[in-house]
Amino acid sequence: MKAQKKPIIRKTEPAKEIPVVQESEGTEEDPILEAAHIIDRNFRKDMVRFTGPIDVPAFSRAYFDALVHLAWSPGTQFRMMLERMEFFTDLFAIKTGMAPPVVDRRFRDPQWQDWPFSLYKDLFLRLEKHLESRLQNIRGVSEHSNLLIQFFTHQITAMMNPLNFPVTNPEVIRTTMEQGGQNIVKGIQNLIDTLTTHGGELVVRHSRDDYHKVGKTLATTPGKVVFRNRLIELIQYAPVTDKVCGTPILLVPAWINKYYILDLSPHNSMVRYLTEQGFTVFIISWKNVDGSFRDDGVDSYVKTGLVEAIAEIRQITGSDGVHLTGYCMGAILCSIATAYLRGQEDTSVKTLSCFASQLDFSDAGDLRSFIDESQITFLKDLMEEKGYLPKSNMMQTYSLLRPRDLYWNYLIDEFFLGKDPFNLDFLFWNDDGTRMPMRLHIDILERLYLEDQLTEGKFRMDDGRSIDLRNIDMDLYSVGTLKDHIAPWKSVYRIPHFVTSPIKFVLASSGHIAGIIIPPGSKGHYHTDGILGHGPEHWLATAHMHEGSWWPDWTAWMKERSQPETNKLPWPPAKGRDLGPAPGTYVLEK
């Protein structure tokens with residue numbers, strides 16, 4: 001039985017009208033002011049080659065905040081003096097051999113226990129601890145300043161790690177001796193190849209272009225492109241059972257990477273699994289945009305993307321609706337589209353499934369380090385000329401969130417040890433990035449992450465319609481992942497605060513990708529059926545743990561909410577609907 005609409009928890013009441021911010025008089029007429037802004041934008045854009053995606057003014061302001069408060073905190077200065085004394089005492093203990101050994105998983109090579117490598121390791125670990133606590137716990141410093149200081153200090157300590165230098169890394173020294181320096185030669189070749197491929201930009205690769213071919217080794221589930229517009233290709237997959245569920249599934253991936261994260265190799269393809277379970281499956285493949293899409297924002301992606309795709313699916317299948325399923329940012333778009341359609345009394349969305357996605361951005365995970373007014377202005381300047389965010393910038397940003405695991409490890413292996421990257425399907429997909437329209441990126445960062453307009457009832461479409469999340473009242477299946485650093489599971493858990501749907505919340509083990517792409521037979525576990533409404537910790541304490549993949553639980557949940565089984569649709573589609581084989585053309589655009 002469908003639940004009655006319940007009150008939504010809001011931070012403020014919904015805005016009744018969109019405030020119009022008037023430009024100050026003379027902004028467009030003052031040529032000197034306009035020239036100054038052009039110079040500023042060009043300067044900041046050129047500085048990216050030195051700073052990467054880091055906005056120097058934002059981080060400088062954070063350190064200034066900490067230093068000013070420190071100057072007015074004599075007690076904290078005294079505490080820091082004691083910490084310095086303790087630090088130098090530790091250094092003396094290391095030098096005299098009196099310090100106990102420190103165990104750290106980053107230093108797994110047995111030679112790290114031998115002198116002088118043990119000295120490098122112990123000095124670094126104590127210096128890392130000292131630096132990362134140096135400007136913390138200063139009273140009066142804003143939470144965001146503390147977050148930026150912690151982030152930037154972590155980048156510095158990750159760079160200082162003795163693993164990153166050939167003369168202090170025992171594995172590099174040993175390999176160089178064993179191979180007669182051939183690893184260094186291969187590393188230089190890898191470096192030249194990287195610089196040549198990326199126009200002189202040092203990009204750490206997680207895979208190689210010749211490892212896989214989309215449509216040949218990845219994204220191989222048989223299907224056809226049945227609809228195409230300027231923004232999406234809609235792919236329908238061939239049925240493999242004579243009878244299919246009466247309600248089709250529409251999968252909506254994020255636009256940050258290519259769609260085939262949901263159709264990787266045959267053994268871990270969610271698309272293939274769903275067709276084998278008797279579903280008619282469709283998926284959206286997003287256009288890899290260029291500068292002509294600069295003004296396409298959330299409104300375009302909802303209407304030209306999801307709304308048109310749903311209409312086409314209904315026409316193709318004759319169904320009265322779809323199981324709408326989104327992953328990561330795709331799930332946020334699904335939530336907005338569902339609320340938009342429901343606000344017009346359109347019941348095309350029969351169930352909603354959201355994977356590794358949040359609606360409340362007050363806890364945006366590690367991405368919070370990149371979200372404030374200064375850094376969004378920096379991004380606007382970066383995108384102004386081309387009208388989009390280059391894929392390399394997004395890749396650098398995500399690498400900085402986990403510098404040791406996603407940057408330095410690969411740099412050492414590729415350039416110092418002369419190793420080729422691991423041949424893993426999800427790493428190849430991770431490097432196969434896309435460009436993002438300027439307006440869409442700013443909509444997401446400014447209106448959702450920074451201002452949290454969606455949960456505060458202030459988010460409006462271009463036609464003036466307000467997005468009210470309380471309109472989402474169909475059954476909802478929400479999946480969080482335990483180690484997710486992009487969409488923290490405790491933030492994902494809060495979805496029931498903002499919608500009126502009956503919800504099944506599932507917590508999967510592992511992280512943002514491995515916790516979602518976990519086919520039956522994989523190692524792992526998931527929790528279900530905890531008590532909602534008393535906080536995430538209570539839910540987890542009362543939930544039941546199950547071994548393996550949550551996919552069977554999800555498909556069973558959808559089948560219970562599907563129309564009766566019908567005969568599979570004729571295959572291949574009619575000539576007018578057959579626009580070419582999967583994976584289509586948009587996914588192949590570089």
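Only one of GLY511, GLY576, GLY533, GLY548 is within 29 Å of MET436 (Cβ to Cβ) and not basic (Lys, Arg). Can you tell me which?
The conditions single out GLY511.
Is region 423-433 home to any residue that is part of a loop (DSSP other than H, G, I, E, B) and closer than 30 Å to GLN179 by Cα?
Residues of region 423-433 that are part of a loop (DSSP other than H, G, I, E, B), as a first pass: 423-424, 432.
Remaining after also requiring closer than 30 Å to GLN179 by Cα: 423-424.
Yes.
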Test: residue in region 253-264 that is in a loop (DSSP other than H, G, I, E, B), in contact with a Phe, Trp or Tyr (Cβ under 8 Å, 6 or more places away or on another chain) and open to solvent by 30 Å² or more (accessible area, probe 1.4 Å): no
Before we move on, is ARG174 in contact (Cβ under 8 Å) with a residue 60 or more places away in the chain, part of a loop (DSSP other than H, G, I, E, B) and either within 27 Å of ASP290 (Cβ to Cβ) or open to solvent by 60 Å² or more (accessible area, probe 1.4 Å) (or both)? no
Exactly one condition in (1) more than 30 Å from PRO583 (Cβ to Cβ); (2) open to solvent by 60 Å² or more (accessible area, probe 1.4 Å); (3) touching a residue at least 60 places away in the same chain (Cβ under 8 Å) is false for LEU202; which is it? (3)
Need the failing condition index for ILE518 against (1) outside any helix (DSSP H, G or I); (2) in contact with an Asp or Glu (Cβ under 6 Å, 6 or more places away or on another chain); (3) open to solvent by less than 20 Å² (accessible area, probe 1.4 Å), just the number. (2)
If we keep just the residues of region 87-108 that are modelled with pLDDT of 75 or more, outside any helix (DSSP H, G or I) and open to solvent by less than 70 Å² (accessible area, probe 1.4 Å), which is farthest from VAL172 (Cα to Cα)? ASP104
What number goes with the only condition from (1) open to solvent by 20 Å² or more (accessible area, probe 1.4 Å); (2) among the charged types (D, E, K, R); (3) under 19 Å from TYR211 (Cα atoms) that ASP405 does not pass? (3)
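Go through region 137-152 and count every residue that is of a type outside the set (S, T, N, Q) and closer than 10 Å to ALA62 by Cβ. First the steps, then the outcome.
Here is the first cut: in region 137-152, the ones of a type outside the set (S, T, N, Q) are 138-141, 143-144, 147-149, 151-152.
Subset that is closer than 10 Å to ALA62 by Cβ: 141, 144, 147-149, 151-152.
Number of matching residues: 7.
I'd like to verify a number: residues in region 153-171 that are in a helix (DSSP H, G or I) and within 30 Å of PHE59 (Cβ to Cβ), how many? Break it down stepwise before answering.
From region 153-171, those in a helix (DSSP H, G or I) are 153-160, 162-164, 170-171; that's our starting set.
Next, only the ones that are within 30 Å of PHE59 (Cβ to Cβ) stay: 153-160, 162-164.
Selection size over region 153-171: 11.
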Looking at GLY215, GLY199, GLY181, GLY246, which is the one that is at positive phi and touching a strand residue (DSSP E or B) at 6+ places or on another chain (Cβ under 9 Å)? GLY215
Does GLY511 satisfy being surrounded by fewer than 18 Cβ atoms within 10 Å (Cβ to Cβ), in contact with a helix residue (DSSP H, G or I) (Cβ under 9 Å, 6 or more places away or on another chain) and not in a strand (DSSP E or B)? no
As an exercise: evaluate GLY326 against (1) out of contact with any Cys (no Cβ under 7 Å at 6 or more places or on another chain); (2) buried (at least 24 other Cβ atoms within 10 Å of the Cβ); (3) within 27 Å of GLN453 (Cβ to Cβ); (4) in contact (Cβ under 8 Å) with a residue 40 or more places away in the chain and give the number of the one condition it does not meet. (1)
Checked SER292, SER300, SER319 against criteria (in a loop (DSSP other than H, G, I, E, B), in contact (Cβ under 8 Å) with a residue 40 or more places away in the chain, open to solvent by 10 Å² or more (accessible area, probe 1.4 Å) and out of contact with any helix residue (DSSP H, G or I) (no Cβ under 6 Å at 6 or more places or on another chain)); the one match is SER319
Take region 425-437 and flag every residue that is modelled with pLDDT of 90 or more and open to solvent by 30 Å² or more (accessible area, probe 1.4 Å). ARG435
Can you pull out every residue in region 364-377 that is open to solvent by 50 Å² or more (accessible area, probe 1.4 Å) and over 14 Å from the mean Cα position of the chain (by Cα)? GLU373, THR377
If you go through region 438-489, how many residues are under 22 Å from LYS504 (Cβ atoms), among the aromatic types (Phe, Trp, Tyr) and either surrounded by fewer than 19 Cβ atoms within 10 Å (Cβ to Cβ) or out of contact with any Phe, Trp or Tyr (no Cβ under 6 Å at 6 or more places or on another chain) (or both)? 1
Return the only residue of LYS419, LYS380, LYS350 being open to solvent by 50 Å² or more (accessible area, probe 1.4 Å), under 26 Å from LYS213 (Cβ atoms), modelled with pLDDT of 85 or more and charged (D, E, K, R). LYS419
What is the one condition in (1) out of contact with any Lys or Arg (no Cβ under 9 Å at 6 or more places or on another chain); (2) in contact (Cβ under 8 Å) with a residue 40 or more places away in the chain; (3) not in a strand (DSSP E or B) that ALA311 does not satisfy? (2)
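Got at least one residue in region 187-205 being in a loop (DSSP other than H, G, I, E, B), of a type in the set (Ser, Thr, Tyr) and either at pLDDT below 95 or farther than 30 Å from PRO519 by Cβ (or both)?
The answer is no; no qualifying residue exists.
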Restrict the check to region 401-410 and report whether at least one residue is at pLDDT below 85 and farther than 30 Å from GLU178 by Cα. yes
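One line per residue, one yes/no per condition, for (1) within 20 Å of LEU262 (Cβ to Cβ); (2) at pLDDT 95 or above:
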residue	(1), (2)
HIS546	no, yes
LYS559	yes, yes
THR566	no, no
LEU569	no, no
LYS575	no, no
GLY584	yes, yes
Test LEU135 against the criterion of being buried (at least 17 other Cβ atoms within 10 Å of the Cβ) and assigned to a helix (DSSP H, G or I), and give yes or no. no
Here are the criteria: (1) loosely packed, with under 15 Cβ neighbours inside 10 Å; (2) touching a Phe, Trp or Tyr at 6+ places or on another chain (Cβ under 8 Å). Tell me which single one PHE152 does not satisfy. (1)
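The values are calculated or read from the model by the stated rules, or taken from the named source; none is laboratory data. Keep in mind it's a predicted model, so treat the numbers as computed, not measured. Cβ sites come from the backbone with ideal geometry, for glycine too, and all protein chains shown count toward neighbours. Note: areas computed on protein heavy atoms with side chains; ligands, DNA, RNA excluded. Shrake-Rupley method; radii C 1.70, N 1.55, O 1.52, S 1.80 Å.
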